[in-house]
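Trainee: Sharing a structure, written as structure tokens. Questions coming.
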Amino acid sequence: MPEGDTILRAAAALHRALAGHVVTRFESVYPAVNRVAEDRIIIGRTVESAFARGKHLLVAFSGDLALHTHMRMNGSWHLYRAGERWKRPARDMRVLIATATVEAVGFNVPVAELLTTRDIARHRELGALGPDLLDAAFDAAEAVRRMRARPADAVGDVMLNQRVMAGIGNMFKSEVLFLAGVDPFAPVSALADPDLERIVAVAREQLGANVMTRAQTLSRSIERTTTRSLDPNSRLWVYGRGGKRCRRCGGAIESRKTGIDARLTYWCPRCQPARRAGE
Ligand SMILES: [Zn+2]
């Protein structure tokens, strides 16, 4: 699943390429999008901005209309100069916004819809999002409060819940909990406020660092790091390292499938000792 920093980078690149320019072509394979686009013509509108909200990406057009997309697991946005050959097959195109000079192509983007400001406010997912970790006005106390509201949930699951805080995917979940020294399976009720505050602070710092230090390109895969190591083999602490030695204590890193989509959680049992409710 793309992490919040990926979406933020995609939004920033789309904003730079499209904002202030008039739409010359708009295409989608989704009938619902096309129906709205027929009624409320997109061609001729100016792109006002592209921005991220949690893991949602929005492109706002003049005249109170925005394209909302969510990349889920496999979606991605590519930017091309007009006429440039696409790097993905045309059959993977789900939505396209073109200006006189640029084509922005959403490949395999599974969620796309056209919304007004009012639709966005009432939107089931967009309206309910928790504080966005990459937002300058992020409210850490509110994120902690929303974590506390789910005392029985494992802290690792709570971090992925976009209604609690928006922006964390599976990779950052494992890395942040390692850096915070917290067992991913501990219920929130077993954790003290300073634990939750530390998790939120580390999550913010890591997402922010990965936004600021990477080249802002869309089609190139982005190498994330949480260790600040320049060695490409030691970019991450635990994620994807099941069975290998912990970089901090030398113990074996464990991994376990969790949740409905069986995503892997990675952790070091020595650096992140188990905690149960009431301890
Ligand atoms: Zn360790």
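The numbers here are math on the coordinates, done by the rules we state, and not lab data. If you're wondering where the values come from, they're calculated on a predicted model, not measured in any experiment. We place every Cβ from the backbone using ideal geometry, glycine too, and count neighbours over all the protein chains shown.
Trainee: So, R0 is 30 Å and r is the distance between the beta-carbons of R122 and N74; what FRET efficiency does that work out to, to 0.05?
Mentor: Working from the Cβ atoms, E equals 0.60.
Trainee: Can I ask one more? At R45 and A152, where each label point lies 7 Å from the Cα along Cα→Cβ, what is the point-to-point distance in nanometres?
Mentor: 4.4
Trainee: Another question about this same structure. Determine, for I41, I253, I120, the number of other Cβ atoms within 10 Å of each Cβ, and report the residues in order from fewest to most. Before the final figure, lay out the partial values.
Mentor: Working: I41 12, I253 24, I120 16.
With the fewest neighbours first, I41, I253, I120 line up as I41, I120, I253.
Trainee: Right, next: Taking 30 Å as R0, compute the FRET efficiency from the Cβ-Cβ separation of D193 and K244 and round it to 0.05.
Mentor: Working: r = 33 Å, r/R0 = 1.09.
Efficiency at R0 = 30 Å is approximately 0.35.
Trainee: How big is the charge dipole of the stretch 24-134 about its Cα centre, in debye rounded to the nearest 20, if each Lys and Arg gets +1 on its Cβ and each Asp and Glu gets -1 on its Cβ?
Mentor: 280
Trainee: Here is a follow-up. Taking amide H positions as placed in the peptide plane 1.01 Å from N, state which residues far from K55 in sequence (5 or more) or on other chains have amide H under 5 Å from it.
Mentor: G167
Trainee: Provide S229, S28, S189 in ascending order of the number of other Cβ atoms located within 10 Å of each residue's Cβ, fewest first.
Mentor: Working: S229 13, S28 23, S189 16.
Final ranking by Cβ density, sparse to dense: S229, S189, S28.
Trainee: From the phi of every residue in the stretch 47-54, what ³J(HN,Hα) in whole Hz does the Karplus formula 6.51 cos²θ - 1.76 cosθ + 1.60 yield, where θ is phi - 60° and glycine or proline is x?
Mentor: 6, 8, 6, 10, 8, 9, 9, x
Trainee: What angle do you read, to the nearest 10 degrees and between 0 and 90, between the alpha-carbon axis of helix 170-180 and the longest principal axis of the chain?
Mentor: 40
Trainee: Residue farthest toward the positive end of the dipole of the chain, with Cβ of Lys/Arg at +1 and Asp/Glu at -1: which of F138, A149, A82?
Mentor: Of the listed residues, the answer is A82.
Trainee: Could you give the size of the charge dipole of the stretch 140-267 about its Cα centre, using +1 on the Cβ of each K and R and -1 on the Cβ of each D and E, expressed in debye and rounded to the nearest 20?
Mentor: Dipole size: approximately 340 debye.
Trainee: If you take the charge dipole of the stretch 4-122 about its Cα centre, with +1 on Lys and Arg Cβ and -1 on Asp and Glu Cβ, which of V47, G63, A10 is farthest toward its positive end?
Mentor: So the residue we want is A10.
Trainee: On a 0 to 90 degree scale, rounded to 10, what angle separates helix 193-212 from the longest Cα axis of the chain?
Mentor: Roughly 40 degrees, rounded to the nearest 10.
Trainee: Sticking with this structure for a sec: To the nearest 20 debye, what charge dipole does the chain have about its Cα centre, counting +1 at the Cβ of each Lys and Arg and -1 at the Cβ of each Asp and Glu?
Mentor: For the chain, the charge dipole is close to 800 debye.
Trainee: With a/c under 1.5 counting as rounded, go ahead and sort the stretch 56-152 into rounded, prolate or oblate using the C-alpha gyration tensor (a ≥ b ≥ c being the square roots of the eigenvalues; past the cut-off, prolate if a/b is larger than b/c, else oblate).
Mentor: Note, shape of the stretch 56-152 comes out prolate.
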